[in-house]
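To keep things clear, I will list the structure first and then write my remarks on it.
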Amino acid sequence: MGKRNLVCLVLACGVFLSLVSLFRSSHLYLPRNVQDDATAAREPYRAPPDHALEHTSPDVPPRPAEQEHTPPASATPAPALTMIVLWSPHKRNEDYLPTFFASVGANPSIDLLLIKFDKYGYNNGECERRRAPGVPNVREVCLSMEEYVALHVAYFCEVWSCVEEERELVGAVMKERIPLDRVNSMYRPFRAAVFKKFLHPDLKLWGWCDLDMIFGSFERMFPWDIVHDFDVVFSGWPTHGNQPQHIFVPGHLAVFRNSPDVAAAFLQAHFLASYDDFVDLPDGLPSDAAEEGEFSHVLLMRTPLTFMRFPALADSMHHVDSLGGVFAIENAEDASRLHAADASSSSINSAIVAARRQILPLVSKRKSQPAQRTFSPQGVEGKVKLLSGSELPAEVNLWFPRRFGVVYHSTLSSSQSAQGRDARRYVLRRARGGPVTERFELERPISVARPGQDDELVATMQRGEQVGGTWLREGLYVHLQHEKYRKWWSMPDHPLREGEVMYFDTAHGAHLWDAEGASLWESRQTEGESW
């Protein structure tokens, strides 16, 4: 047998054993060949009888000690969650970074591993410079390009059983493609496997996130009570139910079970299915949003993995943000009617600024409250069918190739307040290979229009009626992806501090207040831009 034939035989055996390992516990049929047409919608896998994943949530660990190039010592408890984020020196304005790192520091149960590498070849010492000095749960690792590539080659060539000359070619090809990978999407689901040497050996959960964010409270807003029941959990945000619901794993936040079989499932992506597929790219390069396109399609349509989309993003044109709590301002257009607002207020912005001393105590009160269980007896849940390929509705607009789009039609949103927008919407597959369901839970609103009357808003939502008046919706994080490109954009000269609150009006500007509402800073205010 020739050398190349022997390599192919070893590769085929390795892929077969990986797939058997992934599906063995579920007694499922193996999926179709990974080179099948990716546009075809997959039939749901049959749920195994009495299947359950048995995991318990770890105790929230203490704040980890500051580390540099080594993982936390195994003698200390593993973080409840490690976010793995890639960063490279470049010439963009990143004045949001200090506040992002401060918001990580306000969540000591998690830690953040910042992998730094000189992607664009500046060689200016910026990789070595600390980005988050004094934040104990941010660990920074600066890798040379050779180290960065070698760690990836080690993982993928172990999977593909590369011989030495193949390892060299994989490294050369990977290095050549790095500048094309604009937001480091090509290998995202494999970060824990690739950077394993920097992680706690007992780590159960890892995730990715963006850096142009402000975290709120992981203690209150992350689904710790059920997260270990799922292979992947990822962020969602409020949407109306009278349209196809696009579901995908967003690049700004997703969390994975730290398990080899979960990572291996994503090797079904067309450009990673084998050594030859990676080198020759018979189906072309991946999109520059591979996590939201290709890898989402793999998770949702081509594997039996369990998943949950949960409401996490505080998504609003107006939001107030602090360490330990971020809040979307809903019905902001009604702010001029608030008791504390200036009756002469000519804009939403000026009305909210005038009413800040009415808003800030509500934010402070919510931050003092404990977490609640993710699912309640009042929640409603029903099956949905995921649609892709030829079943994808024509009106769905995507920013990646259409063959990777996945949607469903809601069966329950018509009974919810604002067609589901004023509820907490979940999409989940509870058992490996099981059905996909949509679930609605009551939102936990904070009434600004009628302080102390939150129960009245809840009752309105329970009846499926539209909620009136300005109110706050707490999220796990805000994403400044639009704000940072506005003409008014700037940030204070110091990171967000305990007791301070930032108010963002996406179209017009930002304000910083202390706990009593005194103005500490404001950006240049603009007349607004087209949206």
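The values are calculated or read from the model by the stated rules, or taken from the named source; none is laboratory data. If you're wondering where the values come from, they're calculated on a predicted model, not measured in any experiment. We place every Cβ from the backbone using ideal geometry, glycine too, and count neighbours over all the protein chains shown.
Would you check which residues across segment 103-119 are part of a loop (DSSP other than H, G, I, E, B) and either within 20 Å of Arg191 (Cα to Cα) or out of contact with any Ser or Thr (no Cβ under 9 Å at 6 or more places or on another chain) (or both) and list them?
The answer is Pro108, Ser109, Asp118, Lys119.
For the structure I just gave you, tell me whether Ser109 is more than 30 Å from Phe271 (Cα to Cα), at pLDDT 95 or above, under 22 Å from the mean Cα position of the chain (by Cα) and among the hydroxyl-bearing types (Ser, Thr, Tyr).
yes
Collect the residues in segment 234-272 that are in contact with a helix residue (DSSP H, G or I) (Cβ under 6 Å, 6 or more places away or on another chain) and over 17 Å from Val194 (Cβ atoms), keeping them in residue-number order.
Answer for segment 234-272, where residues must be in contact with a helix residue (DSSP H, G or I) (Cβ under 6 Å, 6 or more places away or on another chain) and over 17 Å from Val194 (Cβ atoms): His240, Gly241, Asn242, Phe248, Val249, Gln268.
Residues checked against (1) at pLDDT 95 or above; (2) surrounded by 15 or more Cβ atoms within 10 Å (Cβ to Cβ); (3) within 24 Å of the chain's Cα centre (by Cα); (4) farther than 23 Å from Pro286 by Cα:
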| residue | (1), (2), (3), (4) |
| --- | --- |
| Asn124 | no, no, no, yes |
| Val138 | yes, yes, yes, yes |
| Leu143 | yes, yes, no, yes |
| His152 | yes, yes, yes, no |
| Glu158 | yes, no, no, no |
| Val170 | yes, yes, no, no |
| Arg188 | yes, yes, yes, no |
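Give me the residue from segment 190-218 that is in a helix (DSSP H, G or I) and basic (Lys, Arg) and, out of that set, nearest to the chain's Cα centre (by Cα).
Among those residues, the one meeting the criterion is Arg191.
Quick check on this structure: which one of Glu474, Glu483, Glu438 is touching a helix residue (DSSP H, G or I) at 6+ places or on another chain (Cβ under 7 Å), at pLDDT 95 or above and among the acidic types (Asp, Glu)?
Going through Glu474, Glu483, Glu438 in turn, the sole match is Glu474.
Matching residues to (1) more than 15 Å from Leu81 (Cβ to Cβ); (2) touching a Phe, Trp or Tyr at 6+ places or on another chain (Cβ under 9 Å); (3) surrounded by fewer than 22 Cβ atoms within 10 Å (Cβ to Cβ):
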residue: Leu180; (1), (2), (3): yes, no, yes
residue: Arg191; (1), (2), (3): no, yes, no
residue: Pro201; (1), (2), (3): yes, no, yes
residue: Phe222; (1), (2), (3): no, yes, no
residue: His228; (1), (2), (3): no, no, yes
residue: Phe234; (1), (2), (3): no, yes, no
residue: Asn242; (1), (2), (3): yes, no, yes
residue: Phe266; (1), (2), (3): yes, yes, no
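From Ser376, Ser368, grab the single residue that is closer than 22 Å to Ala314 by Cβ and without any contact (Cβ under 8 Å) to a residue 12 or more places away in the chain.
Ser368
Which of the residues that make up segment 134-157 are among the basic types (Lys, Arg) and under 19 Å from Pro189 (Cα atoms)?
none
Looking at Gly499, Gly434, which is the one that is at positive phi and assigned to a loop (DSSP other than H, G, I, E, B)?
Result: Gly499 is the single residue among Gly499, Gly434 that is at positive phi and assigned to a loop (DSSP other than H, G, I, E, B).
If the requirement is being of a type outside the set (Asp, Glu), modelled with pLDDT of 95 or more and closer than 30 Å to Thr470 by Cα, which of these qualifies: Tyr426, Tyr408?
Being of a type outside the set (Asp, Glu), modelled with pLDDT of 95 or more and closer than 30 Å to Thr470 by Cα holds for just one of Tyr426, Tyr408, which is Tyr426.
What do you reckon, is Val501 over 17 Å from Thr239 (Cα atoms), touching a residue at least 40 places away in the same chain (Cβ under 8 Å), buried (at least 22 other Cβ atoms within 10 Å of the Cβ) and touching a strand residue (DSSP E or B) at 6+ places or on another chain (Cβ under 6 Å)?
For Val501, the condition - over 17 Å from Thr239 (Cα atoms), touching a residue at least 40 places away in the same chain (Cβ under 8 Å), buried (at least 22 other Cβ atoms within 10 Å of the Cβ) and touching a strand residue (DSSP E or B) at 6+ places or on another chain (Cβ under 6 Å) - is met.
Return the total of residues in segment 486-524 being touching a helix residue (DSSP H, G or I) at 6+ places or on another chain (Cβ under 7 Å), over 20 Å from Asn93 (Cβ atoms) and not aliphatic (A, V, I, L, M).
Going through segment 486-524 one residue at a time, the tally reaches 3.
For segment 268-300, how many residues meet the condition of being buried (at least 22 other Cβ atoms within 10 Å of the Cβ) and of a type in the set (A, V, I, L, M)?
Adding up the residues that qualify gives 6.
Which residues, counting only those in segment 366-417, are under 17 Å from Gln245 (Cα atoms) and assigned to a strand (DSSP E or B)?
Scanning segment 366-417 gives Glu381, Gly382, Lys383, Val384, Leu387, Ser388, Val406, Val407, Tyr408.
State whether one or more residues within segment 464-475 are surrounded by 15 or more Cβ atoms within 10 Å (Cβ to Cβ), part of a loop (DSSP other than H, G, I, E, B), under 28 Å from the mean Cα position of the chain (by Cα) and not hydrophobic (A, V, I, L, M, F, W, C).
Yes - at least one qualifying residue is present in segment 464-475.
Restricting attention to segment 273-306, which residues are more than 22 Å from Glu158 (Cα to Cα) and touching a helix residue (DSSP H, G or I) at 6+ places or on another chain (Cβ under 6 Å)?
Within segment 273-306, Glu291, Gly293, Glu294, His297, Arg302, Leu305 meet the criteria.
Restricting to segment 392-422, name every residue that is out of contact with any strand residue (DSSP E or B) (no Cβ under 8 Å at 6 or more places or on another chain) and surrounded by fewer than 13 Cβ atoms within 10 Å (Cβ to Cβ).
The answer is Ala394, Glu395, Asn397, Trp399, Ser414.
Of all residues being out of contact with any Leu (no Cβ under 6 Å at 6 or more places or on another chain) and not aliphatic (A, V, I, L, M) in segment 211-220, which is surrounded by the most Cβ atoms within 10 Å (Cβ to Cβ)? Just the residue, please.
Restricting to residues being out of contact with any Leu (no Cβ under 6 Å at 6 or more places or on another chain) and not aliphatic (A, V, I, L, M), the top hit is Phe215.
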